[in-house]
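Colleague: Following this message is one structure expressed as structure tokens.
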Amino acid sequence: MEKLLEVNNLHVSFDTYGGEVQAVRGVTFDLKRGETLAIVGESGSGKSVTTKALMQLIPKPPGRIKEGEILFEGRDIAKMNEKQMQKIRGKEMSMIFQDPMTSLNPTMKVGNQIMEGLIKHQKMNKSQARKRVVELLELVGIPDPENRIKQYPHQFSGGMRQRVVVAIALACNPKLLIADEPTTALDVTIQAQILELMKDIQKKTDSATIFITHDLGVVANVADRVAVMYAGKIVEVGTVDDIFYNPKHPYTWGLLGSMPSLDSEDEELYAIPGSPPDLLDPPKGDAFAARNDYAMKIDLEEEPPMFKVSDTHYAATWLLHENAPDMDPPEMVKKRMKGMANMSSSSSEGDRV
Amino acid sequence: MSQEKLVEIKNLKQHFKTGRHSVVKAVDGLNFDIYKGETFGLVGESGCGKSTTGRTIIRLYDATDGEVIFDGEDVHGKKDRSELKRFNREMQMIFQDPYASLNPRMKVEDIIAEGMDIHGLASNDKERKARVHDLLETVGLNKEHANRYPHEFSGGQRQRIGIARALAVDPSFIIADEPISALDVSIQAQVVNLLKKLQEEKGLTYLFIAHDLSMVKYISDRIGVMYFGKMVELATADDLYNHPIHPYTQSLLSAIPLPDPDYERSRERFTYDPNNHDTSEEPEFREVRPGHFVLCTTKEFEHYKKEHGVVNQ
């Protein structure tokens, strides 16, 4: 598959009165056409900032892209001006926001909100656009679209509003769809419907999706590949099976261990102690070291590079260094790794890349 | 967990007038008991009335009809000030949003000690301080935090302050209304572990209201599933997850994504259609398996029993 997006060594900082907050500190990843990449991590790990940078939605000032390039079909987005960006935003890449209650304009009829992009980007006239809107609403599963386009957002339920947001994002057949916690505000049954809808549409249109969430259940459901972010960096990246069945980074262990599975009994959840570091003054060495039960001396001194576990799987932890002692992940995580027999021993040492 | 009832909820109704002729029946005839020392989980989708139930039990709303019996005494009965005070000490609440439930203009010390002041639990300033420091340590914060304001804390820390505030008056029953929904996954685990530890140490009874079903399953002994103001199924946590009987519970369980890609690839979702029910009579709450109750009509009851019931030996 061809690469649609390549992000190289992206740094995003915010200048505040307290100093420079380094929200994203060197993120590198790529995305192929038709692929779904899930970015997981705690609040403040930089996952939203990364994706906002992709669309140049970071308010400047105080934010700025300090370093790095964002190659979208070979063009560097980080260097584009606002005028060039406007041609891309909503047309070639679009975004689904978290809260369907606030991301629609309450004073505009739903139909007009969806039409906006069509008229601007596709140069449609009003009646063509209206026709397309009805099609789109049918596609996202809103019954009686002819009448619904004349209604205002408050006349829609939360799930229906999120469908409208999805319809707006899909209006111009974008090549890249960024979904920032699209289902967090919704009930499980509605969440299931929206996820099915998004997967279905992706199959039909072959668009690539970046999916931000902290719900690992949702990740397991939608993702082809997963990137785990911590303190502004990607600490582990791999296919969905790599991450769930063969996780290597202690932070990934912590995330997986802190979610009860439905068959877990009375054992205590593995909670990551403490809270994420202050990115105003990022710690020396591995940013996760202070909360890491498996931290070694070197973690406090030097930052681990990305170690290669397999062709698809990379993790930034010194535990993968050839001289590192063998560490057993917590019980909760080991249980998840069922069926992967070659786990515990030799394969835990990777090659340095 | 004993079989002694701490809270009995009998035919509880909470209706809200929304206009001259329209009434929202947020809670419509609930019956269940909460035993001493257990965690009772209440789940359902938004708008099913689970939060209203919690708030009515603690008398934040006046019930439209029905009774809440706490330790043999009707909560909604007529009470004078001192009786009400005594009752308020026994029952406390932890709220969903740790950003909205702490007064931003009060110091943590005063937030936690407010209940103690009202109930006169600390005789002097020194004792008050010592109790607050104790409580902060119990919930995993330290005593330096007492002089700070809520905005200086993260979501997880604020929720800990909320828990400390609830514990300050030594309650026996705590209603936790979505206490972890606003928190990050790793912080959720910290708070859940803390709640479990406190329950063991102090013999607390919890009513745990949530929509995150895997967390509810993990923390609860028994679970009630609500749908449109009614309880449709009630069972022990394991039984509910292994043998969901009511079609709504089945659809709810089938919709939860689990952090397991293999399971996700094969998961099939059922949709619940309320029109498929037998409408020949008003459904009642009946015991299909031992300790496992389902809202159903006589016909459905026979059917469920055949399909899910335990065979008599």
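The values are calculated or read from the model by the stated rules, or taken from the named source; none is laboratory data. All values reported here derive from a predicted model rather than from experimental measurement. Here the Cβ is made from the backbone with ideal geometry for all residues, glycine too, and neighbour counts use every protein chain on show. The protein model used for the area step is the full one, side chains on, heavy atoms only, and it has no ligands, DNA or RNA in it. Shrake-Rupley method; radii C 1.70, N 1.55, O 1.52, S 1.80 Å.
Colleague: Sequence neighbours fewer than 8 away in the same chain don't count; with that in mind, list the lysines whose C-alpha is under 20 Å from B:Lys50.
Modeller: B:Lys10, B:Lys13, B:Lys17, B:Lys25, B:Lys217, B:Lys230
Colleague: Same structure, new question: Please provide three numbers in whole Å: the alpha-carbon extents of the stretch A:3-223 along the principal axes, with the largest listed first.
Modeller: Principal-axis extents of the stretch A:3-223 (Cα, largest first): 51, 38, 37 Å.
Colleague: Separate question: Over what distance in Å are the Cα centres of the stretch B:37-95 and the stretch A:195-256 separated?
Modeller: With the stretch B:37-95 and the stretch A:195-256 each reduced to a Cα centre, they are spaced 41 Å.
Colleague: Using a 1.4 Å probe over the heavy atoms of the protein chains, calculate the carbon and sulfur portion of the accessible area of the protein assembly as shown as a whole percent.
Modeller: About 47 percent, which is the carbon plus sulfur part of the accessible surface.
Colleague: Sticking with this structure for a sec: If you count only protein heavy atoms with a 1.4 Å probe, what accessible area per residue comes out for the stretch A:115-163, rounded to a whole Å²?
Modeller: 57 Å²
Colleague: Quick one: buried accessible area between B and A, total over both chains, 1.4 angstrom probe, nearest 100 Å²?
Modeller: Chain pair B/A: roughly 3200 Å² of buried accessible area.
Colleague: Does the stretch B:127-187 classify as rounded, prolate or oblate by the C-alpha gyration tensor (a ≥ b ≥ c root eigenvalues; a/c under 1.5 gives rounded; else a/b over b/c gives prolate, otherwise oblate)?
Modeller: Taking the square roots of the gyration eigenvalues as a ≥ b ≥ c, the stretch B:127-187 is oblate.
Colleague: Angle between the Cα long axis of helix B:298-308 and the longest principal axis of chain B, 0 to 90 degrees, nearest 10?
Modeller: 80 degrees
Colleague: Hey, what's the stretch B:252-313 come to in accessible area per residue, 1.4 Å probe, Å²?
Modeller: 66 Å²
Colleague: Here's something else I'd like to know. Apply the Karplus parameterisation 6.51 cos²θ - 1.76 cosθ + 1.60, with θ equal to phi minus 60°, to every residue of the stretch A:8-23 and state each ³J(HN,Hα) to the nearest whole Hz, in sequence, with x for glycine and proline.
Modeller: For the stretch A:8-23, the Karplus curve yields 10, 6, 6, 10, 10, 10, 10, 8, 10, 4, x, x, 8, 8, 8, 6 Hz.
Colleague: Mind counting lysine pairs for me in the stretch A:34-85? Cα separation below 16 Å, and the two need to be 8 or more apart along the chain or on different chains.
Modeller: The result is 6.
Colleague: From other protein chains only, count the Cβ atoms within 10 Å of every residue's Cβ in B:261-270, then give the mean.
Modeller: Per-residue shielding by partner chains comes out at 5.
Colleague: Using a 1.4 Å probe on protein heavy atoms, which residues of the stretch A:198-229 have at least 20 Å² less accessible area in the complex than alone?
Modeller: Buried by the other chains: A:His214, A:Gly217, A:Ala220, A:Asn221.
Colleague: Compute the Kirkwood hydrodynamic radius of the stretch B:5-243, taking the inverse of the mean of 1/r over all pairs of distinct Cα atoms, and give it in Å to one decimal.
Modeller: The answer is 18.5 Å.
Colleague: Please give the length that would be gained between A:Asp30 and A:Leu57 if that part of the chain were fully extended, namely 0.36 nm times their separation in residues minus their C-alpha to C-alpha distance (nm, one decimal).
Modeller: 7.8 nm
Colleague: Find the accessible area per residue for the stretch B:5-243; the probe is 1.4 Å, ligands and nucleic acids are left out, and the unit is Å².
Modeller: Result: 42 Å² of accessible area for each residue.
Colleague: Let me ask something additional. Let's test this: bin the Cα-Cα distances of the stretch B:244-313 at 10 Å from zero up to the farthest pair and state each bin's percent.
Modeller: In order of increasing distance, the bins hold 18, 41, 27, 13, 1 percent.
Colleague: I've got another one for you. Compute from the Cα atoms of the stretch B:189-280 the Rg and the Dmax, the latter being the longest Cα-Cα distance, and quote both in angstrom.
Modeller: Using the Cα atoms of the stretch B:189-280, the pair Rg, Dmax is 15.4, 50 Å.
Colleague: Tell me, which residues of the stretch B:229-257 get at least 50 Å² less accessible area when the other protein chains come in, versus the chain alone (1.4 Å probe)?
Modeller: By number: B:Pro257.
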